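Note sheet for the following structure.
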Amino acid sequence: MLQLTKRTEYGLIALVHMVDQGGEYTSAREIAESYPIPKRLLAEVLKDLARSGLVNSLRGSTGGYALARPPEQITVGDIVSALEGAPTLASCDTADGNASDCEVEPVCPIRSPLQRIRKGIWLQMQRTSLRALVTPSPQAADLPLTARNGPAAS
């Protein structure tokens, strides 16, 4: 099933933390101490986010990282793209829609439906802003806890 990498999860956590900082620079150390995130991996993630233009970095004792754009202008899709590329669901599914070297592809009954699902998920990621992660919609707050967080573990 579609699952974000730890790098992307940590990147999302760090970016949400930056939104909460209101534009102030925050260090990788501060973020890592606020959440159980390995500082070294977080630093690599923040560097990738800076290279992609999603965050600004500032060296020095008062430096750190801050959002490069308002959180309304950064999407989950931007973040996922910067850290891992567009999602795929099946081994033959590629971000650009081209088939891989699969001998079943010419007669495959699931490729097209899975591509539609992947495109729908990707479209939702591209529509969901970082601000929406920080401020969930009122409709999400009205959902039962299991609907918001997935099925309860048994």
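The values are calculated or read from the model by the stated rules, or taken from the named source; none is laboratory data. Predicted model, so just to flag it, every value in this text is computed and none were measured. Here the Cβ positions follow ideal geometry from the backbone for every residue, glycine too, while neighbour counts run over all protein chains shown.
Remarks
- Residue that is surrounded by the most Cβ atoms within 10 Å (Cβ to Cβ), among those in the range 4-33 that are out of contact with any strand residue (DSSP E or B) (no Cβ under 9 Å at 6 or more places or on another chain) and farther than 24 Å from Gln73 by Cα: Ala32
- Evaluation of Thr5 against (1) within 19 Å of Gln126 (Cβ to Cβ); (2) modelled with pLDDT of 95 or more (one fails), failing number: (2)
Residues checked against (1) surrounded by 12 or more Cβ atoms within 10 Å (Cβ to Cβ); (2) over 25 Å from Lys119 (Cβ atoms):
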{"position": "Lys39", "(1), (2)": "yes, yes"}
{"position": "Glu44", "(1), (2)": "yes, yes"}
{"position": "Lys47", "(1), (2)": "yes, yes"}
{"position": "Ser61", "(1), (2)": "no, yes"}
{"position": "Thr75", "(1), (2)": "yes, no"}
{"position": "Asp78", "(1), (2)": "yes, no"}
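- Of the helices (runs of 4 or more DSSP H) entirely within the range 25-135, those holding at least 2 residues that are under 14 Å from the mean Cα position of the chain (by Cα), modelled with pLDDT of 80 or more and more than 18 Å from Leu15 (Cβ to Cβ) occupy 111-127.
- On the stretch given as the range 20-46, residues that are among the charged types (D, E, K, R) and closer than 25 Å to Ala132 by Cβ total 3.
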